[in-house]
1. Output the relative contact order of the chain, whole-number percent, from Cα pairs under 8 angstrom with separation of 6+ residues.
2. Between the DSSP loop rule and a limit of at most 13 other Cβ atoms within 10 Å, which trypsin sites (Lys or Arg not before Pro) in the range 40-72 are left?
3. Hey, if you put +1 on the Cβ of every Lys and Arg and -1 on every Asp and Glu Cβ in the chain, which of V67, S22, V3 ends up farthest toward the positive end of that dipole?
4. When a/c is below 1.5 the answer is rounded, else prolate if a/b is larger than b/c, else oblate, so apply that to the chain with a ≥ b ≥ c taken from the square roots of the Cα gyration tensor eigenvalues.
5. Helix 49-58 sits at what angle to the longest principal axis of the chain, using alpha carbons and giving 0 to 90 degrees rounded to 10?
6. List, in order, the whole-Hz ³J(HN,Hα) value for each residue of the range 30-35 obtained from phi through the Karplus relation with A = 6.51, B = -1.76, C = 1.60 and θ = phi - 60°; use x for Gly and Pro.
7. Per-residue ellipticity at 222 nm for the chain, helices alone: DSSP H runs ≥ 4 residues times -39500 (n - 2.57), over residue total, nearest 500 deg cm²/dmol?
Amino acid sequence: MPVERTVFARNLRRARLARKLSQADVSRSTGVDKSYLSDIERSRANPSLDVMARLAHAVGADLCDLVCGSPIHRAPQRD
């Protein structure tokens with residue numbers, strides 16, 4: 001599984017919880033099905049850029065921060 005998908009999933013969930021939003025809240029505001037949102041947050045789905053942008057907006061986050069932010073445990077990068 002691509003690390004970027006895992007990073008996005010973790011950061012999306014963190015941002016959603018920080019704003020005290022439920023998956024149902026985000027689903028209603030974005031039109032993204034709640035079960036699909038759940039799959040995204042568990043890194044089981046590969047959302048389009050459009051969906052990622054709508055989700056970022058719904059949780060009040062910058063898309064770049066959700067995609068590029070640090071995961072909890074990042075493997076060391078090799079030069």
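Only the coordinates and a few stated rules stand behind these numbers; no lab work does. The shown structure was predicted, so the numbers you read here are calculated from the model rather than taken from an experiment. Positions of Cβ are backbone-derived with ideal geometry, glycine not excepted, and every protein chain shown enters the neighbour counts.
1. On the way: 71 pairs, mean separation 34.2, N = 79.
RCO, the chain: 43 percent.
2. Taking the range 40-72 and a limit of 13 other Cβ atoms within 10 Å, the loop trypsin sites (Lys or Arg not before Pro) found are R42, R44.
3. Toward the positive end, the furthest listed residue is S22.
4. Prolate.
5. Once rounded, one gets 70 degrees.
6. 10, x, 8, 4, 4, 5
7. Calculated mean residue ellipticity at 222 nm is -17500 deg cm²/dmol.
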